[in-house]
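The structure appears below as structure tokens.
No value in this document is a laboratory result; all are computed from the given coordinates. A quick note: this is a predicted structure, and the numbers were derived from the prediction, not measured. Neighbour counts are summed over all protein chains in view; Cβ atoms, including those assigned to glycine, are modelled from backbone coordinates with ideal geometry.
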Amino acid sequence: MLTSLVLVKTLLTFMYSDLKLNKILETIAEKAQSLSGKGKIADYIPALARVKPNQFGIAICNINGETYTAGDAEKPFSIQSISKLFTLIQAIKTYGDQLWQWVGREPSGLRFNSLVQLESENGIPRNPFINAGALLVCDRLESRLSAPNYQLLEMLKSLSQNNMIKVNQQVARSELNHGSRNAAMAYLMKAFHNFENPVEKVLESYSHHCAIEMSCVDLARAAVLLANKGVPLSQERLLTAKQTKRVNALLATCGLYDEAGDFAFKVGLPGKSGVGGGILAVYPNNYTICVWSPALNEAGNSLAGLYALEQLSDMLEISVY
Ligand code: GLN
């Protein structure tokens with residue numbers, strides 16, 4: 001009798017907090033939606049320029065896989081630089097600490113596609129989340145894996161438990177046709193002997209990664225391992241607790257490029273953004289959050305997405321600091 005009373009009480013508390021969280025997400029989505037037209041859509045390729053600006057989605061996934069959503073949370077979008085998080089995970093799995101001979105772990109303080117430091121720092125990219133660093137990571141994956149693109153997609157399908165995830169081939173082709181700056185970075189690294197494979201081959205695979213489409217729900221689920229000391233929803237450990245701590249530290253210091261400081265100040269969580277308008281954030285030991293709204297601010301981060309994460313962090317009093 002007593003146990004069933006306790007059970008009913010726990011169940012009611014759960015339902016109450018679920019209701020409260022859903023309400024908070026709805027409130028935030030409503031406000032963020034009104035901001036969603038304010039920024040500027042990434043227009044460097046036609047396929048991205050066509051995306052409707054006034055869209056907003058948010059999803060939270062806790063370490064048990066329970067997911068809470070509001071707005072356009074199930075709509076797939078171009079993950080762009082959020083792919084850099086998952087290629088880094090592949091590279092850490094493949095090379096372990098050896099990776100850090102070729103790429104740094106410091107914030108760049110510059111735009112994601114800047115070439116400036118690469119020249120003065122002898123072809124060693126500052127970190128794996130700026131374009132140069134991600135290209136380096138792709139290069140090393142190309143050297144070791146038999147089918148890096150296929151393996152990335154399979155990893156994402158398994159992490160998010162969604163077999164429908166795919167690459168938008170039109171976006172991938174456009175990326176490649178507009179990738180002169182990325183090509184310049186790769187060639188510069190090659191000149192410094194920090195690039196092993198043919199540049200064109202690596203650019204092709206990098207473009208495919210940027211063109212993967214996932215929803216807020218997919219991404220929040222895929223990143224659960226970062227909130228759960230390296231263990232994803234499948235329960236098959238992918239990273240050690242120490243590797244997970246390090247990935248989260250890199251996300252916190254470098255994940256939002258030259259806006260990483262402001263993101264720490266306002267949101268206080270490790271995060272990764274992309275020019276498709278997605279931002280993924282991790283609240284270690286608890287849950288992950290993914291927001292999406294395609295219009296961007298000056299730094300290339302989602303304007304309404306940043307607003308929503310700041311609101312959520314304030315309302316739920318979540319921060320790693
Ligand atoms: N495809 C973009 C690029 O390579 C990705 C950048 C981003 O999302 N910040 O420039």
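Just name one of 263, 134, 159: the one whose Cα is farthest towards the positive end of the charge dipole of the chain (beta-carbon charges, Lys/Arg +1, Asp/Glu -1).
Working it through, the farthest residue towards the positive pole turns out to be 159.
How large is log10 I(q)/I(0) at q = 0.12, 0.13, 0.17, 0.23 Å⁻¹ when the Debye formula is applied to the Cα atoms of segment 196-299, each weighted equally and without solvent?
Listed by q, the Debye log ratios stand at -0.45, -0.53, -0.87, -1.25.
Answer with one residue from 211, 318, 174: the one whose Cα lies farthest towards the positive end of the charge dipole of the chain, charges on Cβ with Lys, Arg +1 and Asp, Glu -1.
318
What residue among 148, 294, 232 shows peak mean-square fluctuation when the chain is described by a Gaussian network model with Cα springs under 10 Å?
Among 148, 294, 232, the largest mean-square fluctuation in the Gaussian network model of the chain belongs to 148.
To one decimal place, what orientation-averaged projected area in nm² is obtained for the convex hull of the Cα set of segment 226-285?
4.3
To the nearest 20 debye, what is the magnitude of the charge dipole of the chain about its Cα centre, counting +1 on the Cβ of each Lys and Arg and -1 on the Cβ of each Asp and Glu?
Once rounded to the nearest 20, the dipole reads 340 debye.
Any idea what Rg and Dmax come out to for segment 19-94 if you just take the C-alpha atoms, in Å?
So, for segment 19-94, Rg and Dmax equal 15.5, 43 Å respectively.
What residues qualify as long-range amide H neighbours of residue 112, i.e. H under 5 Å apart, gap of 5 or more or another chain, H built at 1.01 Å from N?
HN-HN under 5 Å from residue 112: 258.
Take every Cα-Cα distance within segment 168-252, group them into 10 Å bins from 0 onward, and report for each bin the whole-number percent of pairs it holds.
So the P(r) values, bin by bin, are 16, 28, 32, 24, 0.
How charged is the neighbourhood of residue 272? Take every other residue with its Cβ under 13 Å from the Cβ of residue 272, and add Lys/Arg as +1 and Asp/Glu as -1.
Working: positive: 84; negative: 259.
Within the 13 Å Cβ shell, the charges total 0.
Over the alpha carbons of segment 60-219, what is the largest minus smallest coordinate on each principal axis, giving the biggest first in Å?
Principal extents (Cα only, largest first): 46, 34, 33 Å.
With only Lys, Arg, Asp and Glu charged, each at its Cβ (+1 for the first two, -1 for the last two), find how big the charge dipole of segment 172-321 is about the Cα centre; round to the nearest 20 debye. Don't skip to the answer; put the middle values down first.
Details: 12 positive and 14 negative charges, 112 e Å.
Using Cβ point charges on Lys, Arg, Asp and Glu, segment 172-321 gives about 540 debye.
Over segment 25-152, consider all pairs of different Cα atoms and compute the Kirkwood hydrodynamic radius from their mean reciprocal separation; express it in Å, one decimal.
When all Cα pairs of segment 25-152 are included, the Kirkwood radius is 17.3 Å.
What's the whole-number percent of alpha carbon pairs in segment 74-139 lying beyond 19 angstrom?
Everything past 19 Å amounts to 31 percent.
Taking amide H positions as placed in the peptide plane 1.01 Å from N, state which residues far from residue 214 in sequence (5 or more) or on other chains have amide H under 5 Å from it.
So residue 214 has HN proximity to 77, 79.
Using the alpha carbon gyration tensor of the chain, what are the three equivalent-ellipsoid semi-axes (square root of 5 times each eigenvalue), largest first, in whole Å? Walk me through the numbers before you get to the answer.
Working: eigenvalues 215, 94, 63 Å².
Output for the chain: semi-axes of 33, 22, 18 Å.
With springs connecting C-alpha atoms under 10 Å apart, model the chain as a Gaussian network and identify which of 274, 104, 133 has the largest mean-square fluctuation.
In this elastic network of the chain, the residue with the biggest mean-square fluctuation among 274, 104, 133 is 104.
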